[in-house]
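To keep things clear, I will list the structure first and then write my remarks on it.
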Amino acid sequence: MKLSIYQIDAFTDKVFGGNPAAVVPLEKWLEKEVMQAIAAENNLSETAFFIPVGDEFEIKWFTPEIEVDLCGHATLASAYVLYEHLKYNKDEILFHSQSCILKVRKKNDLFELDFPNRKPLPVPAPPALIEGLGKRPIEVLKSRDYFAVYENEDDINSLKPDFNILSTLDALGIIVTSKGKTVDFVSRFFVPAAGINEDPVTGSAHSTLIPYWAEKLGKNVLHAYQLSKRKGELFCELIGDRVWIAGKAVTYMIGELRF
């Protein structure tokens, strides 16, 4: 079998920045075990697969170890492939996923993702969270992921997590965040339970970050950085029970899978 594959750097306008995702367009679904094997072989934080369904698409995302229910940067990368390489020409793309319907719009060089609002709620801080992060946050909440708030950006940059401890928590990942120095807020995202110690830039985490910071800062339009080594820039907006997450993307590689 031969399949096209694209590697896209999402939430950046420069190659080697943002978050790399592999995108594999399909005509029909492969067996889940095959898609998981491809994702493991790619060894990126996410590999996205999509199939056409009329004028819309179904999409799935896999880390090297598991299938996930929502992924922002690989959705942005998939939209980028459709618009830039596969000549999709409609104003909006609709992706049907296991969690919800996702819309993507292209506005100049930005790709806007319409994602669910996953507002976090306060929870008691598990001892493993405090021990694994190595520094006590000022606030702990949870939605899909644990959500740890710190005083400032320097706290976020200085964290050196123990990923073995964090992998024992009952959540997909751990978001750490604070107000930013030059943007509204900053974050990092750790996902050791899914085989990714630190994800470079995470769209799905911003489904939780945006409603939290919109309420704290009293504004619905927000500018954010994710402070991984590769760093990502996100333009965000809260609109009721949805969030808009916008970013840029660039092509790193185009290839062919053979198996």
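Computed from the coordinates by the stated procedures, all read-outs in this text should not be read as laboratory data. Note that this is a predicted model, so its numbers are computed, not measured. In this analysis, Cβ positions are derived from the backbone assuming ideal geometry, glycine residues included, and neighbour counts consider all displayed protein chains.
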Check: Which whole-number percent gives the relative contact order of the stretch 121-240, counting Cα pairs below 8 Å spaced six or more residues apart?
Finding: 19 percent
Checklist line | Among beta bridges that DSSP assigns inside the chain, antiparallel share in %, nearest 5 | finding: 80 percent
Item checked: Spin-label pair Thr168/Glu237, simplified geometry with 7 Å Cα→Cβ offset, distance in nm -> 4.5 nm
Check: Measuring from label point to label point, each 7 Å out along Cα→Cβ, what is the Asn108 to Ser4 span in nm?
Finding: 2.8 nm
Check: Given a Förster distance of 45 angstrom, what is the FRET efficiency for Asp91 paired with Ile130, based on the Cβ-Cβ distance and rounded to 0.05?
Finding: 0.45
Next item on the list: Among Ala246, Val24, Pro126, pick out the residue whose Cα is farthest towards the positive end of the charge dipole of the chain, where Lys and Arg carry +1 and Asp and Glu carry -1 on C-beta, about the Cα centre.
Entry: Ala246
Check: Given the stretch 10-146, what whole percent of its Cα pairs are spread farther than 27 Å?
Finding: 31 percent
Note to self: I'd like to compare 167-180, 94-107: which one has the highest average count of other Cβ atoms within 10 Å, and what's the full order after that?
What the structure shows: 167-180, 94-107
Check: Can you give the Kirkwood hydrodynamic radius for the stretch 157-238, in Å, rounded to one decimal and based on Cα pairs?
Finding: 13.1 Å
Checklist line | Stretch gain in nm, segment Ile101-Lys216, where the contour uses 0.36 nm per residue and the Cα spacing is subtracted | finding: 38.6 nm
Check: Taking square-rooted eigenvalues a ≥ b ≥ c of the alpha carbon gyration tensor, is the stretch 117-203 rounded, prolate or oblate, where a/c under 1.5 means rounded and, failing that, a/b exceeding b/c means prolate?
Finding: rounded
Next item on the list: Return the single residue from Val183, Val149, Val15 with maximal mean-square fluctuation; model: Gaussian network over the chain, springs between Cα atoms under 10 Å.
Entry: Val183
Note to self: Given 4 °C and 1.567 mPa s, compute D for the chain with the Stokes-Einstein relation, Rh being the Kirkwood radius over Cα pairs; round to the nearest whole µm²/s.
What the structure shows: 71 µm²/s
